[in-house]
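The values are calculated or read from the model by the stated rules, or taken from the named source; none is laboratory data. Just so you know, these numbers come straight off a predicted model, no measurement behind them. Ideal geometry is used to build each Cβ from the backbone, glycine not excepted, and the neighbour counts take in all protein chains shown. The protein model used for the area step is the full one, side chains on, heavy atoms only, and it has no ligands, DNA or RNA in it. Shrake-Rupley method; radii C 1.70, N 1.55, O 1.52, S 1.80 Å.
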Amino acid sequence: MQNRTKEKSTQVLIEESLPKAMSYNEYIALVKNLAEEGKSTGPEQTEALTNYTQLNDRRMKRWDKTLKFNDEAVEQISKVDTEITWLVLTESWCGDASPALPVMHKISELNPNISLKIILRDENVDLMNRFLTNGGMSIPKLVAIDDTIKEVVGDWGPRSKAATKLVEDYKAEHGTLTAEFKQDLQVWYNKDKGQSVLEDLLKQLK
């Protein structure tokens, strides 16, 4: 019981993480610099993580240029009248973050009531542990906070429902995710054009 009383509340962990948070543009600049230096975020530095960071740098640039929302989605986003912070845990090498973060950014650009803030998972492990997916520290993980009542009102991640189904079906058949599957998933993301992430996040906003 003693340990429990010493444990920080999720609310306190969020409040402690916010001063360290980056804007989307700051995060994009960080990933770009790391890609150029042959590095990645996080304590572990490997060639694979560098390669993923470089890939994500290119992917996010492309997404930012090509992402389109239909009129219905734009209208729904514009109607959000509650001030919300979307706090996202991620790392530069995360393949599922590269299609998701540009969608979050575009939504936040369309409505000043939605504020997007990004923190690094491995620098905020205690907070990450409050938002595990099937027991794992899967990213990206979006935590939605109502700024008026300072409470978590939802979370999302690491993938859209549609992408999660693809992953779960593949795991059920093959036991693990292969490099080939991860490549196929990126191709699927390209065809999806961010729409499945948008669909999920619009439900969050309702």
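Out of all the residues in the range 122-166, which are of a type in the set (Lys, Arg), in contact (Cβ under 8 Å) with a residue 24 or more places away in the chain and open to solvent by 40 Å² or more (accessible area, probe 1.4 Å)?
Taking the range 122-166 first, the residues of a type in the set (Lys, Arg) are 130, 141, 150, 159, 161, 165.
Then keep just the ones that are in contact (Cβ under 8 Å) with a residue 24 or more places away in the chain; that gives 130, 141, 150, 159, 161.
Within the range 122-166, ARG130, LYS150, ARG159, LYS161 meet the criteria.
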Is it the case that the range 169-187 has a residue that's closer than 22 Å to ASP64 by Cβ, of a type outside the set (Phe, Trp, Tyr) and under 10 Å from the mean Cα position of the chain (by Cα)? no
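When you go through LEU185, LEU198 one by one, which is the residue that is surrounded by 14 or more Cβ atoms within 10 Å (Cβ to Cβ) and within 18 Å of TYR24 (Cβ to Cβ)?
LEU198
So, of the residues in the range 73-104 that are open to solvent by 30 Å² or more (accessible area, probe 1.4 Å) and not in a loop (DSSP other than H, G, I, E, B), which turns out to be farthest from GLN195 (Cα to Cα)?
From the range 73-104, those open to solvent by 30 Å² or more (accessible area, probe 1.4 Å) are 74-76, 78-79, 81-83, 93; that's our starting set.
Those still in the list that are not in a loop (DSSP other than H, G, I, E, B) too: 74-76, 78.
Details: VAL74: 13, GLU75: 15, GLN76: 14, SER78: 17 Å.
This residue is SER78.
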When the residues of the range 105-121 are filtered to those that are open to solvent by 10 Å² or more (accessible area, probe 1.4 Å) and of a type in the set (S, T, N, Q), which remaining residue is nearest to VAL80 (Cα to Cα)? ASN113
Restricting the search to the range 139-178, which residues are part of a helix (DSSP H, G or I) and more than 17 Å from SER98 (Cα to Cα)? LYS165, LEU166, GLU168, ASP169, TYR170, LYS171, ALA172, GLU173, HIS174
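Each row is one residue, and each column tells you yes or no for (1) open to solvent by less than 20 Å² (accessible area, probe 1.4 Å); (2) within 22 Å of VAL103 (Cα to Cα); (3) touching a residue at least 24 places away in the same chain (Cβ under 8 Å).
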residue: LEU18; (1), (2), (3): no, yes, yes
residue: MET22; (1), (2), (3): no, yes, yes
residue: TYR27; (1), (2), (3): yes, yes, yes
residue: GLN45; (1), (2), (3): no, no, no
residue: THR53; (1), (2), (3): yes, yes, yes
residue: TRP63; (1), (2), (3): yes, yes, yes
